[in-house]
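Student: Have a look at the structure that comes next, please.
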Protein chains: 2
Amino acid sequence: MTDRYSRLVTKLKDRTATVGIIGLGYVGLPLLLRYCEVGYRVIGFDVDQSKVDALRSGKSYIEHIPAEKLAPFVMNQFEPTTDLSRVAEVDALILCVPTPLSKHREPDLSFVIGTIDSVLPYLHDGMVLSLESTTYPGTTDEELKPRIEARGLKVGTDIFLIFSPEREDPGNPNFSTRTIPKVCGGCTPQCLKVGIALYEQVVDKVVPVSSARAAELTKLLENIHRSVNIGLVNEMKIVADRMGIDLHEVIRAAATKPFGFVPYYPGPGIGGHCIPIDPFYLTWKAREYGVHTRFIELAGEINSSMPEYVISKIAESLNARKKSVNGSRILVLGLAYKKNVDDSRESPAVVIMERLRDLGASISYTDPHIPVFPVMRAHSFSLSSVTLTKQSIAEFDCLVLATDHDKFDYELIKAHAELIVDCRGRFAESASNIVKA
Amino acid sequence: MTDRYSRLVTKLKDRTATVGIIGLGYVGLPLLLRYCEVGYRVIGFDVDQSKVDALRSGKSYIEHIPAEKLAPFVMNQFEPTTDLSRVAEVDALILCVPTPLSKHREPDLSFVIGTIDSVLPYLHDGMVLSLESTTYPGTTDEELKPRIEARGLKVGTDIFLIFSPEREDPGNPNFSTRTIPKVCGGCTPQCLKVGIALYEQVVDKVVPVSSARAAELTKLLENIHRSVNIGLVNEMKIVADRMGIDLHEVIRAAATKPFGFVPYYPGPGIGGHCIPIDPFYLTWKAREYGVHTRFIELAGEINSSMPEYVISKIAESLNARKKSVNGSRILVLGLAYKKNVDDSRESPAVVIMERLRDLGASISYTDPHIPVFPVMRAHSFSLSSVTLTKQSIAEFDCLVLATDHDKFDYELIKAHAELIVDCRGRFAESASNIVKA
C-alpha cells in the first residue's frame, strides 16, 4: 500500500501524473484548463462527440472559457476523446458529470453510475478517483466504493477514492477555479491525503474534511443556503408588494447593517443546474432516516411559484391598459438564469415565456449572451434574440425584465417601452411605464 | 412651516437642542450616552424608578456600559427622571421602549401606545419624535401619527415624525452605536430631513429610506433573515445528526466558499428580545393583507423546538450511562441567550432548565456574566452561578453547554466532566465524555 500511495503522491506532486477528466462542461472544462496550465498531461473525456470535435479543432463552447485559452494545449498536453478505455492511461480520474433530478424530483445518478460502470474495466491500482458532481451524503461510500471494490480494487490501499465538490460560479468576475477553496473528503485517511495532493496543484487552498459524506453535505448546504435565502426574499417580495413597500429598497437598506445580515434579492424564480436541483438530493436521502427537510420544501415551493406570480403581474398590468395577455406582443429581456452568463438551463424566463405563449401572447426574447433560443429537452421556441432599438422596443405591448444583464441599455429600454414588468428591481418605480414584479 | 423646520434643524446641528430619550435599557442608554458625548443636553426617561435612581447615583445596570462612561454626564448634561411632563422641555424625543409579543404571539404595542398617550399633553410644535422600537410596517403612520394629529399638531409642518430602528448588538466588539449605520424613514420628506439632522450628529452614517414603513420593514427583514437562517441550520443539525455527520464541521467547510454562503450555527434555540419576537410582528400584519409568512412560521416552529431536542439528547446520553434524568445532577453552562453577554431574556437555557427540573433533575447553572438567577416574569429559580472547579465539575452527572461564553475554561471542563452535552459545537467529539446536541 505504502508504495502505491507514495508513488502516486510523488507523480501528482512532480506533475508527471496523467489526469483524466470526464465531463467537459461548465465544471470539467475550466478544471482541465487549470491542470494544463500547471503542466500536467490531461485526457478530457466526454460522451458528446460534438464537444470533443470542437475542442480538437481548438474551439470553445462556453462563453467565459475563450478558445485562445484552450488552443495552446489542445492535442499537445490536452487530448479530448470519447474513448473511455483510455482511462487505463490516467493516474487521476475526476468525474464532472451532471446529477439532475428525475421527473419525480428524485436524484438521477444515472450519469455517475453509468460512467463508473463504463470505466470499471479500465480502473487500475495506484490511481485516484474523485467525484465532483453534487450529490447526497453517502453516494461515494455507498454507490462508488462497493462497485470499485467488487472489481477487485481495495479502496484506501489499491485505489484512492475521494469526493471533492465543484464550486464553479460562471460569470463571477472575482473568483476562478484556482482561487475558490476546494473542499475534499476521502473514504479513508490515505484517500484524503491523495486528494489533497491532487488538488493542491491547481487550487490555492484545499479544505480537508473528515469524510466523503461531510464533503457531500458541505456542497448541498451551500446551495440549500442559497435556495432558502432566495425563497425567503421571494416570499417577502409578495408580502411587501401587498403592503405597497418596495422590497428592493428595504433590502438595500438592510444591507447597510455591517453584521448579521446578508442581502439576497428576489426574482422571477431560480434557475441553473444547482440551486433548483441540489437541495432535493438531501430531501430524498433524509427520508431514508425518517427526517423531513421542511425549509428545502418550502423554498422549492415558493421559488417555483414565482413565474406564476410574474405572469399575474403581467396580466394585471396589461389589464390596467385595457389589454389582454391573449394577443399582446411580449418581449422577455434575459433568457439566461442569471445575469451576465449564457446558460439558460432551468431558467424561469423560459417558463414565463411558455406560460405566456399558452395564454395566447406573441412571445419574443432578447439576450445579448444567447443569440438563438437553445435546444432544450422540455422546451421549444424557434426564436432568435431581438435586437433592441428604439423602434423594436416600441413595438411591444409589454417588456418583462427577467434577467438584468449588464449589457442591456436600460436608458433606451425605459425611454421607449410602453410597459416594463421589472422582476429585478432595476428600474425606479417612479416612471409610469414601470411595474415591479 | 419653514420656520419651525429650519429652527429645529439648526438647533439639532449646532447641538443646542435638548434630546429626550424614553426607555433607558439596552437601546436607550447607549444612544443617550452618544448624545452626551457630542455635547447635547439630554433628559432620560424611564418608568422604572430603580433605574433612574441607579443612574442618578452614577451607577450602570448594563454590563457593557460601564458606570465610568456615564458618570461624567450625570446631573450635568444628563438628567434621568420618571417625570414625563418634562417632555415639554425637549426638542427631540426618541422612543426606545419594548415591543414584546402577547401570549398569543401578537404584537404588544402597549408600551409604545401607553408612552405616546402619556406624553401627548407635553408634545409641542417645532419638535421631532422618533420611534426606534421594532414594530410592523404601518405603526408610525397608523398608530402614532393619528394620535399626534388628534392633539392638534400637524405632522410634517408642526411636528416631525420618523421611524429609525435601533440596531444595537450588545457584546459585539466590532461595532457600536456610533459605527452602526442608522436607517431612517419619515412620514413626510420634511420629517425625513429632520430625522437625518437628528441622527447624523451621533452616528457615522444615516441611511434614508422613502417612508416610515420601509424603515419598519427593514428592521424586521434583518431579524427575519437571522431567524430563518438559524432555523435552517437547526433543521440541518437534526438531519446531519441522523446521518452521523458533524454539522459544525460541514458549516466551517462551507464557510470557506468566498461568495454566496454565510455561516450561521445551530444551537439550543434562540433567545434575546429580537430574533424570537420581531418576525411575528410581520406575520401578524401580513394577515391583514391576506398573506402568510411561511418562512417565519417554520423558523419559529423549528427554533422553539430545539430545547426539546436538547432534552432528548441529554436523556439519551444519560440513559447510555444507565442513568435517568430523574435524580441526575445537571449543570447548565451559560444562562445568557448568546455568548459574552449578561442578558438572559427569552434564553433557551432557561427553558431547558425548567424542563429538566420538571423531569426530576437537580438543576444548577453557571454563567460568568450572571452571578444570580434573575427575576423573570415567567420563570423562577433560586440559584446562584456555580463556580467551576475540578471538584464542582466532577459532582455533576451531566453538563449542558447551552451558551459558549469565552470566559469558560473549556480545558478544565473537558478534563473533569463525566458527560458534556454540547449544543454549540465547541468540543471535538473524539472524547468519550462529549455528546453533540
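Student: Determine which single condition B:ALA349 fails, assuming it passes every other condition in (1) touching a Gly at 6+ places or on another chain (Cβ under 7 Å); (2) free of Cβ contacts under 8 Å to residues at least 24 places away in the same chain; (3) of a type in the set (A, V, I, L, M).
Tutor: Of everything listed in (1) touching a Gly at 6+ places or on another chain (Cβ under 7 Å); (2) free of Cβ contacts under 8 Å to residues at least 24 places away in the same chain; (3) of a type in the set (A, V, I, L, M), B:ALA349 misses just condition (2).
Student: Enumerate the pairs (first residue in region A:256-269 and within 7 Å of chain B (Cβ to nearest Cβ); second residue anywhere and of a type in the set (S, T, N, Q) and surrounded by 20 or more Cβ atoms within 10 Å (Cβ to Cβ)) with beta-carbon separation below 8 Å, excluding pairs fewer than 6 apart on the same chain, so at least 6 apart or on different chains.
Tutor: The qualifying pairs are A:VAL262/A:ASN229.
Student: Do the conditions hold for B:ARG34, that is, is it more than 21 Å from B:VAL119 (Cα to Cα), basic (Lys, Arg), modelled with pLDDT of 95 or more and under 21 Å from the mean Cα position of the chain (by Cα)?
Tutor: yes
Student: Out of the residues in region A:232-250 that are buried (at least 23 other Cβ atoms within 10 Å of the Cβ) and more than 7 Å from chain B (Cβ to nearest Cβ), which is nearest to B:ARG226 (Cα to Cα)?
Tutor: Filtering region A:232-250 for residues that are buried (at least 23 other Cβ atoms within 10 Å of the Cβ) and more than 7 Å from chain B (Cβ to nearest Cβ), the one nearest to B:ARG226 (Cα to Cα) comes out as A:VAL233.
Student: Does B:ILE94 satisfy the criteria of being hydrophobic (A, V, I, L, M, F, W, C), in the same structural domain as B:TYR26 (by TED's automatic domain parsing) and either closer than 18 Å to B:SER211 by Cβ or in contact with a strand residue (DSSP E or B) (Cβ under 9 Å, 6 or more places away or on another chain) (or both)? Let's see the steps before the verdict.
Tutor: Working: hydrophobic (A, V, I, L, M, F, W, C): yes; in the same structural domain as B:TYR26 (by TED's automatic domain parsing): yes; either closer than 18 Å to B:SER211 by Cβ or in contact with a strand residue (DSSP E or B) (Cβ under 9 Å, 6 or more places away or on another chain) (or both): yes.
It is true that B:ILE94 is hydrophobic (A, V, I, L, M, F, W, C), in the same structural domain as B:TYR26 (by TED's automatic domain parsing) and either closer than 18 Å to B:SER211 by Cβ or in contact with a strand residue (DSSP E or B) (Cβ under 9 Å, 6 or more places away or on another chain) (or both).
Student: Can you name every residue in region B:13-26 that is closer than 30 Å to B:ARG345 by Cβ and either modelled with pLDDT under 95 or not hydrophobic (A, V, I, L, M, F, W, C) (or both)? Talk me through it step by step, then tell me what you get.
Tutor: Quick first cut of region B:13-26, residues closer than 30 Å to B:ARG345 by Cβ only: B:19-26.
Of everything in region B:13-26, those that are closer than 30 Å to B:ARG345 by Cβ and either modelled with pLDDT under 95 or not hydrophobic (A, V, I, L, M, F, W, C) (or both) turn out to be B:GLY20, B:GLY23, B:GLY25, B:TYR26.
Student: On to the next question. Would you point out which residue out of A:LEU8, A:LEU24 is touching a strand residue (DSSP E or B) at 6+ places or on another chain (Cβ under 9 Å), part of a loop (DSSP other than H, G, I, E, B) and not β-branched (Val, Ile, Thr)?
Tutor: Working: A:LEU8 fails: part of a loop (DSSP other than H, G, I, E, B).
Criteria check complete, one pass: A:LEU24.
Student: Looking at (1) buried (at least 20 other Cβ atoms within 10 Å of the Cβ); (2) within 14 Å of another protein chain (Cβ to nearest Cβ); (3) out of contact with any strand residue (DSSP E or B) (no Cβ under 6 Å at 6 or more places or on another chain); (4) of a type outside the set (Ser, Thr, Tyr), can you tell me which one A:VAL202 breaks?
Tutor: (2)
Yes or no, residue by residue, for (1) more than 14 Å from every other protein chain (Cβ to nearest Cβ); (2) over 20 Å from A:ILE196 (Cα atoms); (3) outside any loop (DSSP other than H, G, I, E, B):
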{"position": "A:ARG105", "(1), (2), (3)": "yes, yes, no"}
{"position": "A:GLY114", "(1), (2), (3)": "yes, yes, yes"}
{"position": "A:VAL119", "(1), (2), (3)": "yes, yes, yes"}
{"position": "A:SER130", "(1), (2), (3)": "yes, no, yes"}
{"position": "A:TYR136", "(1), (2), (3)": "no, yes, no"}
{"position": "A:THR140", "(1), (2), (3)": "no, no, yes"}
{"position": "A:ARG147", "(1), (2), (3)": "yes, yes, yes"}
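Student: Might you check whether a residue that is in a loop (DSSP other than H, G, I, E, B), under 26 Å from the mean Cα position of the chain (by Cα), of a type in the set (A, V, I, L, M, F, W, C) and not assigned by TED's automatic domain parsing to the domain that holds A:GLY138 occurs anywhere in region A:193-203?
Tutor: Within region A:193-203 (the criterion being in a loop (DSSP other than H, G, I, E, B), under 26 Å from the mean Cα position of the chain (by Cα), of a type in the set (A, V, I, L, M, F, W, C) and not assigned by TED's automatic domain parsing to the domain that holds A:GLY138), the answer is no, since none of the residues qualifies.
Student: Give A:PRO181, A:PRO189, A:PRO170, A:PRO258 a once-over and let me know the one that is in contact with a His (Cβ under 8 Å, 6 or more places away or on another chain) and not assigned by TED's automatic domain parsing to the domain that holds A:SER430. Let's see the steps before the verdict.
Tutor: Numbers: A:PRO181 fails: in contact with a His (Cβ under 8 Å, 6 or more places away or on another chain); A:PRO189 fails: in contact with a His (Cβ under 8 Å, 6 or more places away or on another chain); A:PRO258 fails: in contact with a His (Cβ under 8 Å, 6 or more places away or on another chain).
The match here is A:PRO170.
Student: In this structure, does B:LEU412 turn out to be in a helix (DSSP H, G or I), more than 24 Å from the chain's Cα centre (by Cα) and surrounded by 22 or more Cβ atoms within 10 Å (Cβ to Cβ)? Give the derivation first.
Tutor: Details: in a helix (DSSP H, G or I): yes; more than 24 Å from the chain's Cα centre (by Cα): yes; surrounded by 22 or more Cβ atoms within 10 Å (Cβ to Cβ): no.
It is false that B:LEU412 is in a helix (DSSP H, G or I), more than 24 Å from the chain's Cα centre (by Cα) and surrounded by 22 or more Cβ atoms within 10 Å (Cβ to Cβ).
Student: Here's another thing I want to ask about it. Going by what's in this entry, would B:ILE224 be described as farther than 26 Å from B:TYR61 by Cα, within 12 Å of chain A (Cβ to nearest Cβ), within 18 Å of the chain's Cα centre (by Cα) and among the hydrophobic types (A, V, I, L, M, F, W, C)?
Tutor: Working: farther than 26 Å from B:TYR61 by Cα: yes; within 12 Å of chain A (Cβ to nearest Cβ): yes; within 18 Å of the chain's Cα centre (by Cα): yes; among the hydrophobic types (A, V, I, L, M, F, W, C): yes.
Considered against the rule, which asks whether it is farther than 26 Å from B:TYR61 by Cα, within 12 Å of chain A (Cβ to nearest Cβ), within 18 Å of the chain's Cα centre (by Cα) and among the hydrophobic types (A, V, I, L, M, F, W, C), B:ILE224 comes out as yes.
Student: Can you tell me how many residues in region A:280-318 are crowded, with 20+ Cβ neighbours inside 10 Å and part of a loop (DSSP other than H, G, I, E, B)?
Tutor: 1
The values are calculated or read from the model by the stated rules, or taken from the named source; none is laboratory data. Note that the coordinates shown come from a computational prediction; the quantities given were computed from them, not determined experimentally. Virtual Cβ from ideal backbone geometry, glycine too; neighbours counted across all protein chains shown.
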